[in-house]
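The structure under discussion appears below in the form of C-alpha cells.
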Amino acid sequence: MSAPILLCAGGTGGHLFPAEALAHELHARGLKVHLVTDERAGRYAGSFPADETHVVPSATFGSKNPVAILRSGLKLWGGYRQAIALMKRLRPAVVVGFGGYPTVPPMMAAVQVGVPTVIHEQNAVMGRANKFLAGRVARIAAGIPQAHDDATIAAKLAVTGNPVRPAVLEAAALPYVPSAEGEPFHLVVFGGSQGASFFSDAVPAAVKLLPAAVRARLRITQQARAEDEDRVRAAYRELGVPADVSPFFQDMASRIGAAHLVVSRAGASTVSELSVIGRPSVLVPYPYALDHDQAANAARLEKAGGTIVSKQADLSPERLAGIVTLIANDPNHAEIMATAAKAQGIPHAAKLLADLVTSLPSASKSA
C-alpha cells in the first residue's frame, strides 16, 4: 500500500481551505491524502477530500492563568504522543502543515520520526506556530512574498501562492460584469472566524445612509455570527433590502463570483480568493491580530488598485456608504478594480505547492 501525504490544518477556514485545494491537486496526481486536524474542524472538514481524517488534540497558551497553562501543556503533550503513534503507524511520505496551533503536535511528531516536512504560510507575516516550526522543517512555502533576516529560513523558502479550492477556480472563470444603473447590485459581506460582529453593525448602518436609488438595487449576502443573525436580518428587512444572512455559507466562492463588491476582513485566503476571482473589495484588517498580518496581506492588493483598505476605526457608516455608492454608480471604476485584483491572483498555486511537496525525497513513496 502506498504511503499517504498528511496535511495538517486546524479547524478554521483560513487554514483548511488551502489544504483542501492542495488535497484536490494531489488526488488528481493519483496520490493518497490524509487530513490531521483538531476537534473544531467538523463544520469545514466534512467535504474535505481526504482518504482518512485523524483528530489530534492541541491547545494554545492563550491565558496567563497557571492552571490554564498547565492544562494546555498537558493537552499538547497528549496530542504530541498521539501524533507520534500516528506517524509510526502510517509512515507518511510527507507531512505538510498549514499554520495554527493545531499543527504543532503532528508537525513536531513528523520531525521527531524523521518524515520530510513542509509548512505553508498563507500570510505576509509568519504566524507564531510556523515561526516555531520554521527552523525544524525541510521546506517553507509562502503564500505571499516575505522577507527573512535569517539566511537559513530564507534558503528554505519558496513562493507558491495560496492554493484556492476548485469552487474558487470555477468562480474565477466568470468575468466581472459591472452593475449598470437600475440593475441589481450584489454586495457580499463576511468576516471570517474573527471579527464578523463589526460588520453586523457597520454594514446595515451604511446601507441606511445610501441614496434611495442605490439601496433599491442592493442584494446582500452577509455572514453574521449566530448571536447577531436575527438582528442583522431584521435591520435589512426594515430597510426593504433583500438579504441572505447566515453564520456560514457553503457556496461562498460562487457568491463572491456573483458579487459586484465584497466587504471583508483581510485574511490570507480571502485576499487570495478575491485576487484569483477578480472582484472589487473593501478590506478591513482585523485590528486585534497579534502580528498585524491582515494589514500586510492587503497591502499588495491595495497598491495594485484592486481594493480599498480601511482601518476598522476609520470605516464609519458614512464612509462605507460612500464607497458602495461609488462602485455602484461608476461601472468603469468597478471594472478597473476587478481587473487589478485579478492581475494579482495566482490560480495555479495548488500546482506549485504540490510540485514542491512531491519534490521531497520520500514523496515517491506515495506514488
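The values are calculated or read from the model by the stated rules, or taken from the named source; none is laboratory data. Since the structure is predicted, the reported quantities are computational estimates derived from the model, not experimental observations. FYI the Cβ positions are ideal-geometry reconstructions off the backbone, even for glycines, and counts take in every protein chain you see.
Being more than 18 Å from the chain's Cα centre (by Cα), among the charged types (D, E, K, R) and within 23 Å of A349 (Cβ to Cβ) is the filter; apply it to region 90-142 and report the residue that is modelled with the lowest pLDDT.
So the residue we want is K131.
Could you list, in sequence order, all residues of region 186-228 that are basic (K, R) and under 19 Å from S316 (Cβ atoms)?
K208, R215
Any idea which of V118, V95 is farther than 30 Å from L301 by Cα, assigned to a strand (DSSP E or B) and touching a helix residue (DSSP H, G or I) at 6+ places or on another chain (Cβ under 6 Å)?
None of the others qualify; the one that does is V95.
In region 123-170, what count of residues is obtained for those that are of a type in the set (D, E) and part of a loop (DSSP other than H, G, I, E, B)?
2
Could you give me the residue pairs with C-beta distances under 8 Å whose first residue belongs to region 309-320 and is in the same structural domain as A296 (by TED's automatic domain parsing) and within 12 Å of R265 (Cα to Cα), whose second residue is at pLDDT 95 or above and among the acidic types (D, E) wherever it lies, and which are 6+ apart or on separate chains?
Here the result reads V309/E302, each pair linking region 309-320 to a residue that is at pLDDT 95 or above and among the acidic types (D, E).
Of all residues in region 229-244, how many are touching a residue at least 24 places away in the same chain (Cβ under 8 Å), farther than 23 Å from L326 by Cβ and either aliphatic (A, V, I, L, M) or buried (at least 20 other Cβ atoms within 10 Å of the Cβ) (or both)?
Of the residues in region 229-244, 1 are touching a residue at least 24 places away in the same chain (Cβ under 8 Å), farther than 23 Å from L326 by Cβ and either aliphatic (A, V, I, L, M) or buried (at least 20 other Cβ atoms within 10 Å of the Cβ) (or both).
Name every residue in region 278-294 that is modelled with pLDDT of 90 or more and within 14 Å of the chain's Cα centre (by Cα), in order of residue number.
Residues satisfying the conditions are L283, P285, Y286, Q294.
Exactly one condition in (1) assigned to a helix (DSSP H, G or I); (2) in contact (Cβ under 8 Å) with a residue 60 or more places away in the chain is false for K303; which is it?
Condition (2) is where K303 drops out.
Any residue at all in region 16-24 that is closer than 27 Å to P361 by Cα and in contact with a Ser or Thr (Cβ under 7 Å, 6 or more places away or on another chain)? Break it down stepwise before answering.
Going through region 16-24, the residues closer than 27 Å to P361 by Cα turn out to be 16-24.
From what is left, the residues that are in contact with a Ser or Thr (Cβ under 7 Å, 6 or more places away or on another chain) are 17-18.
Within region 16-24, one or more residues are closer than 27 Å to P361 by Cα and in contact with a Ser or Thr (Cβ under 7 Å, 6 or more places away or on another chain).
What are the pairs with Cβ atoms under 7 angstrom where one residue, in region 162-173, is of a type in the set (S, T, N, Q) and the other, located anywhere, is assigned to a helix (DSSP H, G or I)? Sequence gap at least six, or different chains.
Within 7 Å, the pairs are N162/P18; N162/A268; N162/S269; N162/S272; N162/A349.
Within region 297-324, take every residue that is closer than 26 Å to A167 by Cβ and in contact with a Pro (Cβ under 9 Å, 6 or more places away or on another chain) and give me the one that is modelled with the lowest pLDDT.
R300
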